[in-house]
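The values are calculated or read from the model by the stated rules, or taken from the named source; none is laboratory data. Given the structure is predicted, the values throughout are model-derived calculations rather than measurements. We place every Cβ from the backbone using ideal geometry, glycine too, and count neighbours over all the protein chains shown. Accessible surface areas use protein heavy atoms only, side chains included; no ligands, DNA or RNA. Shrake-Rupley method; radii C 1.70, N 1.55, O 1.52, S 1.80 Å.
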Amino acid sequence: MPTFFIILIFTYLGGNAYIFYRGLQTLSGFPYGIKILLTVLFWLAALSFFGTMLSRNVKIPFYLSHTMYEVGTGWLIFTLYMVLFLLFFDLLKLCSISFNQNFMTSLLATFVLLGYGYYNYRHPKINTVNITLTKPLTDNRRPIKIVAVSDIHLGNGTGKTSLKQYVKMINGQNPDLILIGGDLIDNSVIPLYAENMAEELTELKAPLGIYMVPGNHEYISGIDKSIQFIQNTPIQLLRDSVVTLPCGIQLIGRDDRSNARRLPLQKLMARIDKSKPVILLDHQPYQLAESQAAGIDLQFSGHTHHGQVWPMNWVTDHLYEQSHGYRQWENSHIYVSSGLSLWGPPFRIGTESEMVVLQLH
């Protein structure tokens, strides 16, 4: 296991030990039996994250796997904000500023924040961007409407009920073309079959087609199993391949960086006519200057989730030259989506879930 993940695990366990210690201080006057009960419940919740990850390929009833997943991953964010609030009050104490009931205040503030984050996650935004290309489309009388989404993460977290809402959102835009920028699947295809999610995906409609590239989570789920599932839907998976649409757009779909043998962008560009519009789908937004230099007109990526919760968005802003939103790189237009859904904890704090509508003129 990489050193980075070992550090994360020990940081997570250390944060929970800190919360537990501060909680015991608050419960000093409580009966011994209640302390034992709360101790067991606390550590069951704290360790449930490891249980849900280890059991991701085990066939269990969806309602149970969904509950385990949301508790286990949700506890990550509970730990983050409880530690931040408790540290804040400890710093006040060091500055000789006393504050009574700091544990209960931290607990209340954390739950209020998580409640807001859950509501925000469940109400994705629709962001529209008008893009004027310098190359002609077959029909210039009206713009081409593209609905672009990424990071839906279907599985134990995002189930069929949520997928139904997303499909309705997408179809409600009457798109000409639907693009999926990777991570349609979360950690395993087992929940997708258990809930027959392919049935919902067959409702997606777009006259120019529905295209997708794999993300790193398609590889985490098993790329062969992911491909087999996608073949049961109207989605066309692109892996280092090029498709020319009836409107004249050439669509390049790159395999994910998880495949160390994926083709270089220049080799894919050798297959296209640069006098016609070129759209690139690439899950992870790295080396964006290379896309601009290669002559890509429009690139759509995802992967970053824009950090998902504060302050992790500061981390993604540091790691990626463009971690979210629209930016024009000379003649190249690049959009990095924060994701229609998310991985793990069902909270959006300081970020938003989004569906992107690209109007090509």
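Contact map, segment 119-135: residues that are under 14 Å from Glu330 (Cα atoms) and among the hydrophobic types (A, V, I, L, M, F, W, C) paired with residues that are assigned to a loop (DSSP other than H, G, I, E, B) and open to solvent by less than 20 Å² (accessible area, probe 1.4 Å), Cβ distance under 6 Å, separation 6+ or inter-chain. Pairs shown: Leu133/Pro277; Leu133/Asp297.
Rundown of residues vs (1) assigned to a loop (DSSP other than H, G, I, E, B); (2) touching a helix residue (DSSP H, G or I) at 6+ places or on another chain (Cβ under 9 Å), yes/no style:
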{"position": "Phe20", "(1), (2)": "no, yes"}
{"position": "Lys35", "(1), (2)": "no, yes"}
{"position": "Met53", "(1), (2)": "no, yes"}
{"position": "Arg56", "(1), (2)": "yes, yes"}
{"position": "Tyr63", "(1), (2)": "no, no"}
{"position": "Met68", "(1), (2)": "no, yes"}
{"position": "Gly72", "(1), (2)": "no, yes"}
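For Asn174, state whether it is at pLDDT below 95, farther than 23 Å from Arg239 by Cα and either open to solvent by less than 10 Å² (accessible area, probe 1.4 Å) or part of a loop (DSSP other than H, G, I, E, B) (or both). Against the criterion (at pLDDT below 95, farther than 23 Å from Arg239 by Cα and either open to solvent by less than 10 Å² (accessible area, probe 1.4 Å) or part of a loop (DSSP other than H, G, I, E, B) (or both)), Asn174 does not qualify. Suppose the filter is under 30 Å from His361 (Cα atoms) and at pLDDT below 95; does Arg239 pass it? It is false that Arg239 is under 30 Å from His361 (Cα atoms) and at pLDDT below 95.
The set of residues from segment 39-58 being farther than 18 Å from His153 by Cα and either of a type outside the set (A, V, I, L, M) or open to solvent by less than 70 Å² (accessible area, probe 1.4 Å) (or both) comprises Thr39, Phe42, Trp43, Ala45, Ala46, Ser48, Phe50, Gly51. Looking at Gly325, Gly339, Gly350, just one residue is at positive phi and touching a Phe, Trp or Tyr at 6+ places or on another chain (Cβ under 6 Å), and that residue is Gly350.
Taking segment 35-69 as the range and being among the aliphatic types (A, V, I, L, M) and at pLDDT below 90 as the test, the residues that pass are Met53, Leu54, Val58, Ile60, Leu64, Met68. Would you check which residues across segment 1-24 are loosely packed, with under 10 Cβ neighbours inside 10 Å and either in contact (Cβ under 8 Å) with a residue 60 or more places away in the chain or not polar (S, T, N, Q) (or both) and list them? Within segment 1-24, Met1, Pro2, Phe4, Phe5 qualify. Out of all the residues in segment 214-227, is one or more buried (at least 19 other Cβ atoms within 10 Å of the Cβ) and of a type in the set (A, V, I, L, M, F, W, C)? No, segment 214-227 contains no residue that is buried (at least 19 other Cβ atoms within 10 Å of the Cβ) and of a type in the set (A, V, I, L, M, F, W, C).
Condition (residue is more than 26 Å from Asn57 (Cα to Cα) and either among the β-branched types (Val, Ile, Thr) or open to solvent by 20 Å² or more (accessible area, probe 1.4 Å) (or both)) applied to segment 179-196: is it met by at least one residue? No, segment 179-196 has no match at all. When Asp176, Asp256 are checked against the criterion of being in contact (Cβ under 8 Å) with a residue 60 or more places away in the chain, closer than 25 Å to Lys125 by Cβ and not polar (S, T, N, Q), a single residue qualifies: Asp176. Please verify whether Lys168 is in a helix (DSSP H, G or I) and free of Cβ contacts under 8 Å to residues at least 24 places away in the same chain, treating the condition exactly as stated. So Lys168 fits the description; yes. Taking (1) without any contact (Cβ under 8 Å) to a residue 12 or more places away in the chain; (2) buried (at least 17 other Cβ atoms within 10 Å of the Cβ); (3) hydroxyl-bearing (Ser, Thr, Tyr) in turn, Ser28 satisfies each apart from (2).
Among the residues of segment 267-290, those that are of a type in the set (S, T, N, Q) and modelled with pLDDT under 95 comprise Ser275, Gln287.
Matching residues to (1) free of Cβ contacts under 8 Å to residues at least 40 places away in the same chain; (2) out of contact with any strand residue (DSSP E or B) (no Cβ under 7 Å at 6 or more places or on another chain); (3) within 26 Å of Trp310 (Cα to Cα):
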| site | (1), (2), (3) |
| --- | --- |
| Val40 | yes, yes, no |
| Lys59 | no, yes, no |
| Tyr63 | yes, yes, no |
| Met68 | no, yes, yes |
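Of all residues in segment 287-305, those being part of a loop (DSSP other than H, G, I, E, B) and over 21 Å from the mean Cα position of the chain (by Cα) number 3. Among the criteria (1) at pLDDT below 95; (2) within 25 Å of Pro346 (Cβ to Cβ); (3) of a type in the set (A, V, I, L, M), the one Ala294 does not fulfil is (2). If only residues of segment 322-361 that are hydrophobic (A, V, I, L, M, F, W, C) and closer than 15 Å to Ile131 by Cβ are counted, the one that is most open to solvent (accessible area, probe 1.4 Å) is Trp329.
Residues that are open to solvent by less than 20 Å² (accessible area, probe 1.4 Å), at pLDDT 95 or above, assigned to a loop (DSSP other than H, G, I, E, B) and over 20 Å from Asn216 (Cα atoms): does segment 306-321 have at least one? No, the conditions are met nowhere in segment 306-321. Of all residues in segment 265-290, those being open to solvent by 50 Å² or more (accessible area, probe 1.4 Å) and under 16 Å from Leu238 (Cβ atoms) number 2.
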